[in-house]
Structures are given as C-alpha cells and as structure tokens.
Amino acid sequence: MDSNNQYIAIIGGGLTGLASAFYLQRKIEEEHLPYQVVLIESSDRLGGKMQTVVRDGFVIERGPDSFLARKKSMAQLAKDVGIEGAIVPNSTGQSYILIGDELLPIPGGAVMGIPTEISPFIKSRLFSPVGKMRAAMDFVLPRSKETGDQPLGPFLRRRLGDEVVENLVEPLMSGIYAGDLDQLSILSTFPDMLETEQKHRSLILGTKKNRTGKAAPKVEKKDKGDHRVGMFRTFEKGLQSLIDAIEAKLPSEMVRKNLSVESITKQEKGYAIGLSDGEFMQAAAIIVTTPHQAIPRLFPDYSFFEPFKHMPSTSVATVSLAFDERAVKQDINGTGFVVSRNSPCRITACTWTHKKWAHSTPKGKALLRCYVGRPGDEGIVDLSDEEIVQIVLRDMKQIMNITEEPLFSVVSRWREAMPQYRVGHTSTLRRIESLMSAELPGVYLAGASHKGVGMPDCIDQGVAAVGKVLDYMKQVNVEKEMVGMS
C-alpha cells in the first residue's frame, strides 16, 4: 500500500457500499485528495440483492425489481455512471388484493392503503359496510395524544379500523418491509403519517391534501396509442446493469472481493482492519455498510452495538415462473396483486412481470414473479426449490387458472434480509451514532439496516457517509498540520 496515501475502507459491496465508493472516488479525483479507497466484499460479486438473470430472452430479477421515480438518487447515480438512457418506466394497470380466494381491485386514489377518493372506496368490495363506516370515523376522531414513536399498526387501526388495515394497508406495506405492522416503528417507516395526522387531524383528509397538486403521471406517445407512465423505474437489462456500470467506473485495485473483515481495532491513529486472508490494513476512516447483524462482531469491545444483536430481520424468497402465454388461462388486466393475511395462500404477492415490464418477456410468453416468507411463515424459505415452486404453483393455479407447468423457474432466497425497524429504532440509532462519534471517530454506518430499505434510501445514506468521511479527514489533517507547526 502507498504510504503517502491515507486509506478509507468501505466494508460491504452492496449498493450502499458501491455508491459510497463511487462518489468518494469521484471527489478524491476532482479535488486531488491524498486518500485511497478500498472496498471490501466477502462474496465473489458486488451488488448484494441486486441480481439479474437473463435467460431465453427473459430478464428476471432475483431481488428488488424497481425503484420509485420520485426518489431521485437512483436516476442520478445512473446518470453519473452513464446509463441514464437505459432506464425504463413500468406499464401501469390495475393492482389487486387477494381476499380469501378472490382478486379484488385496489380502490383508486389509495395512497399506501389510505383512501383519498371517496367514490372508489365506497364501491369497493374489499370492505363491509361496517368497515367503511369505521374508516369514516377518521374524519371526526381527534389527533393522537401520543406524538412520539409508536407501532404503525395500532396507529392505523385507530384511524381507519381493522378491516381497512387488514384488507388493504397491511398487504401493501408488507410488500416493502415484509414485517408485522403491529411491531414496526412509525417514525422509522412512515413518519409522514404521524406528521399528517398531527397537522390535519384526519389522516384521510391530510393525505388527500398532500397528494393534491402533485404532478399527474406523464403520458407518452407510443406506436399503439397513449401509454401512461407509472411511478416505478428499472433498467432494460435489469438492475444488475447499474451494479456493473458502477463497478466499471471504479479502479480495479480499489475492489477486493472474496475477502471478509474479521476484526476492527482502534489504534492511536486510525484503525487496523483484520482480513480473512491474514492481512491487516490500516485505515484512517471506515464506512460500514454490512447488515446490522455483523456489526457487533466487528466491534466486540463496544457494548453500544448490542441492540443490533436483537434487531430482527425477516427471511423471504422470490419465485419467478416462465410460461407460454397460453398457459395462463385467466388473463387479468393488471400488473399484479398482494395477499391479505385472511387468504389461505402462502404466497404474499405476485407481479405479472410480462405486463408490468414489457421488456422483460419475449413475445408469446408470460413471466410471473411470486413472493413467499413473512413473520410466522419464514420456514418456507428453507424448503427445497422444488417444494417452494410446487407451493407457489398450487396457489397460482387456483388464482389464475394456470393449466401447464412452467418452462422454467428461478428461486431466490434472502435469509434475514429484511431488517425490521421496531419501535425506538430511530432513537437507538441516534444514540449509537453519538457514542460512535466519541469512541470510534471516523467510523460511519450506512445501509438498509439503518435509515431506509429502498435502493434510493441506500444511495442517500452512502452519499451522506461520504460527506461525513471527507469532513472528518479534513479535520484530522488540519489537526496534524497544527501539531506540526507547534
């Protein structure tokens, strides 16, 4: 290693680590800073859960399949690495909720399950007349007396009633967090809901006001008429193409794969990082982007990381099934459905990928992507591929009248991959960061375990960590100069 440079280590090569490495390296080159970045990844590839399989003309995502267009950091990163032109929007269409064994449309105007348009809600068969009347109580109920962190589920039940939460809100939100609404922290997941209620009293009216005035989806002219662009985006060749583009921009000597961090020891100047190959590297600063479960092991002498040992994560799996189009007899006009817990099905959601993402599927074929695994049914993830596929097929044949076996299937397991932000998460994280500032200066946490699980959230955290590292390095070097002058 070049003794003239100060090393900055990034631990973890998922999207957060890659974004950190890219923007840090760019800043170093722009400002001619005497720092060298090393990205350490324990597996043989970068990108974490962002993995794409291209097979027989199908583009199949193993992990996440899209990002929200309104969160700008993903598109900005794509632009910065030169693949902005490969971004494609989803096709819009009706989405459904599976209640029992029946697919019912999600009412128009629902924002994360909160109804903002009266007529579609009243006409919906998702709720009984009593359930609709209970939801209408939101218009007259007072604000919550509790203004601090609290479980998301009870907050929503108080405002909207059990039926709306169980049949609409919970299925939609579990697609994001794969967790139990009655355990999740409102401040760490949907703080805007608490703010909306405190400001407007009615959650429904407040959400409607927040929505009013926002730009409607654009309409693009296509060869076959108008096409309304949806709120989600991906890349023509899959999300992994972004990972590949970022890696191509990084100096090859920066990235070290198949290498684990065994220990991190604070020294008089910086940190000694023990690696699985027996080497020790010196780093002036560190960005840790690993899942929270790994952090206490890296810093065994610091008890303030103990909460990460008790922070749960949910295990999930995705199952992509490729068919000839004729095999799906019930051709539903829409892009997919989520499953209410009141349904006997073990799948939790299904995307009709060939309808949502036209680029993903050859003509005459169909691609269905199903999800399994949730609190109370995580054991399904540990079954064999064949067993999981048969469970999914049994559900899908009943729901969509599928008459043939799939051409092929792709099963992807993500064990303990969905961090659960329990009540108190935000304050716990704030306390840990404060103690780190005092006892581990120059070490920063970023990633899905901390301040948002979405891909743009991870990029934002990586960018924020880069800013903190650069500020810290400047401070350290100023102090060195002052000592040298004295």
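A few remarks follow.
- The residues of the stretch 8-137 expose, per residue, 42 Å² of accessible area to a 1.4 Å probe.
- Near LYS266: Cβ cut-off under 13 Å, other residues only, Lys/Arg at +1 and Asp/Glu at -1. The net charge is -2.
- Among the protein heavy atoms, those of HIS310 account for about 130 Å² of accessible surface (1.4 Å probe, every chain in place).
- Computed over the chain, relative contact order equals 23 percent, with contacts defined as Cα pairs under 8 Å that lie 6+ residues apart.
- Each peptide in 236-243, 32-39, 69-76 gets a packing score, the mean of other Cβ atoms within 10 Å over its residues, and the list from highest to lowest is 236-243, 32-39, 69-76.
- Dipole magnitude for the chain: computed about the Cα centre from +1 point charges on Lys and Arg Cβ and -1 point charges on Asp and Glu Cβ, it is near 1860 debye.
- Summing Cβ point charges (Lys, Arg +1; Asp, Glu -1) relative to the Cα centre of the stretch 386-460 gives a dipole of roughly 340 debye.
- Radius, Kirkwood style, for the stretch 80-199 when every pair of distinct Cα atoms is counted (Å): 15.8 Å
- Surrounding net charge for SER360, when Lys and Arg each add one and Asp and Glu each subtract one, Cβ distance under 15 Å: +4
- Two-decimal log10 I(q)/I(0) for the stretch 262-323, as the Debye equation yields it once each C-alpha is a single scatterer, q = 0.14, 0.19, 0.24 Å⁻¹: -0.54, -0.80, -1.08
- Evaluating 6.51 cos²θ - 1.76 cosθ + 1.60 at θ = phi - 60° for every residue in the stretch 346-352, the Karplus couplings come out as 8, 5, 9, 5, 8, 9, 7 Hz, glycine and proline recorded as x.
- The orientation-averaged projection of the convex hull spanning the C-alpha atoms of the stretch 285-379 amounts to 10.1 square nanometres.
- Carbon-plus-sulfur accessible fraction, the chain (probe radius 1.4 Å, protein heavy atoms only): 51%.
- Normalised per residue, the accessible area of the stretch 364-461 is 41 Å², obtained with a 1.4 Å probe and no contribution from ligands, DNA or RNA.
- Mean projection area, nm², convex hull over Cα of the stretch 1-159: 16.7 nm²
- Cα principal axis extents for the chain, largest first, Å: 79, 57, 45
- Distance between the C-alpha centres of the stretch 1-58 and the stretch 160-178: 37 Å, rounded to the whole angstrom.
- Estimated D of the stretch 383-486 in µm² per second, where Rh is the Kirkwood radius over Cα pairs and Stokes-Einstein applies at 37 °C, 0.692 mPa s: 178 µm²/s
- Accessible area (Å², 1.4 Å probe, nearest 10) - THR426: 40 Å²
- Qualifying GluC sites (Glu not before Pro) in the stretch 37-109, DSSP loop, other Cβ atoms within 10 Å at most 13: none
- Cross-link check: pairs LYS249/LYS474; LYS237/LYS355; LYS329/LYS355; LYS79/LYS237; LYS27/LYS257; LYS27/LYS79 evaluated at a Cα-Cα cut-off of 19 Å; pairs beyond the cut-off: LYS249/LYS474; LYS27/LYS257.
The values are calculated or read from the model by the stated rules, or taken from the named source; none is laboratory data. Note that the structure is predicted; figures quoted are calculated from it, not measured. All Cβ positions, even for glycine, are placed from backbone atoms using ideal geometry, and neighbour counts span all protein chains on display. Quick note on the areas: whole protein, heavy atoms, side chains included, nothing else; ligands and nucleic acids left out. Shrake-Rupley method; radii C 1.70, N 1.55, O 1.52, S 1.80 Å.
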